[in-house]
Amino acid sequence: METPSLELELSPEVHAGQAVYTRWTLRLLYDVGVLGYSNRFVWKCPTSTQLDWYNTNVSDNHLDVGVGTGYYITNCRYPSPSPRLALMDLNSNSLEHAANRAARYAPEMYRRNVLDPIDFDGARFDSIGLNCLLHCLPGSMDEKSVVFDNLRPLLNPGGCLFGSTLLQGDVPRSAQARLLMRAYNRRGIFSNQKDTRESLERALRTRFDEWQVAVHGCVALFRARV
């Protein structure tokens, strides 16, 4: 297991998008507030739907990027009982929390900023998950989709990159969703004011021959293959 590096220079916008994930938030609030309430009642895409998306796309040679509390990687169904699991995140609290939760898989750990080219010399992966990551990254979809360019070299031929993200603009949003997104964008927790289904589809279409976007509420479930 790699020891997460602490020597990363971050812009204020990048720092703000991940700073909310403190040990206290991860331990006490995230699973109840986000996975239990917001996904179902605010974003209108229940956690069970997103877990089904994981089960459909995850491989037994998997890299998870933007790991949150590790809920999906510990509850999804891998094709084999002993998968290779790697975790990549900018936030060391998230990395440690998710790694402890998924300890039975002895996960590899990598602290990286996926908006920059990724220093990685290990074996490549058959699947990469980006769940609830894109809407926390700064910039427009055209700008933040550089993460696809940076992660694609880590996939084996035929590998699947998949995940979810919260959209605005061209998807239905309840009044509560609009208010919460506005508050999160003001605080820098989200940066998705310009994220639309059309912009996500364009980002995937220009990089992958095979891709899909399915919208549930204001959540886009996406996948692409190399």
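Per the listing F120, F208, the residue uniquely farther than 17 Å from L90 by Cβ and of a type in the set (F, W, Y) is F208. Among the residues making up the stretch 169-180, those that are touching a residue at least 12 places away in the same chain (Cβ under 8 Å) and either within 17 Å of the chain's Cα centre (by Cα) or exposed (fewer than 15 other Cβ atoms within 10 Å of the Cβ) (or both) are G169, D170, P172, S174, Q176.
Conditions tested, residue by residue: (1) under 18 Å from L155 (Cα atoms); (2) touching a residue at least 40 places away in the same chain (Cβ under 8 Å).
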{"site": "S38", "(1), (2)": "no, yes"}
{"site": "F41", "(1), (2)": "no, yes"}
{"site": "K44", "(1), (2)": "no, yes"}
{"site": "T47", "(1), (2)": "no, no"}
{"site": "D52", "(1), (2)": "no, no"}
{"site": "S59", "(1), (2)": "yes, yes"}
{"site": "G66", "(1), (2)": "yes, yes"}
{"site": "T69", "(1), (2)": "no, yes"}
{"site": "T74", "(1), (2)": "no, no"}
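Can you tell me how many residues in the stretch 34-49 are farther than 16 Å from T74 by Cβ and either at pLDDT 95 or above or open to solvent by 30 Å² or more (accessible area, probe 1.4 Å) (or both)? Of the residues in that region, 10 qualify.
Answer with yes or no whether D52 is open to solvent by 50 Å² or more (accessible area, probe 1.4 Å), within 16 Å of the chain's Cα centre (by Cα) and not polar (S, T, N, Q). Yes; evaluated as a whole, the condition is true for this residue. Scanning the stretch 129-149 for residues that are in a helix (DSSP H, G or I) and open to solvent by 20 Å² or more (accessible area, probe 1.4 Å) returns D142, E143, V146, D149. Here P157 passes the criteria (1) touching a Lys or Arg at 6+ places or on another chain (Cβ under 6 Å); (2) under 25 Å from Y110 (Cα atoms); (3) open to solvent by 20 Å² or more (accessible area, probe 1.4 Å) except the one numbered (1). In the stretch 191-222, the qualifying residues are those that are touching a strand residue (DSSP E or B) at 6+ places or on another chain (Cβ under 7 Å) and either in a helix (DSSP H, G or I) or modelled with pLDDT under 95 (or both), and the one that is most open to solvent (accessible area, probe 1.4 Å) is R205. Selection of first residues in the stretch 112-124 that are small (G, A, S) and open to solvent by less than 60 Å² (accessible area, probe 1.4 Å) and of second residues that are modelled with pLDDT of 95 or more and in a loop (DSSP other than H, G, I, E, B), restricted to Cβ pairs under 6 Å at least 6 apart or on distinct chains, gives an empty result. Residues of the stretch 78-99 include at least one that is open to solvent by 40 Å² or more (accessible area, probe 1.4 Å) and hydroxyl-bearing (S, T, Y).
Return yes or no: is F162 assigned to a strand (DSSP E or B) and closer than 23 Å to L35 by Cβ? Give the steps one after another, and end with the answer.
Numbers: assigned to a strand (DSSP E or B): yes; closer than 23 Å to L35 by Cβ: yes.
Criteria met by F162.
The values are calculated or read from the model by the stated rules, or taken from the named source; none is laboratory data. Note that this is a predicted model, so its numbers are computed, not measured. When we count neighbours, we look across all protein chains shown, and the Cβ atoms used for this are built from the backbone with ideal geometry, even at glycine. Ligands, DNA and RNA are excluded from the accessible area calculation, which covers all protein heavy atoms including side chains. Shrake-Rupley method; radii C 1.70, N 1.55, O 1.52, S 1.80 Å.
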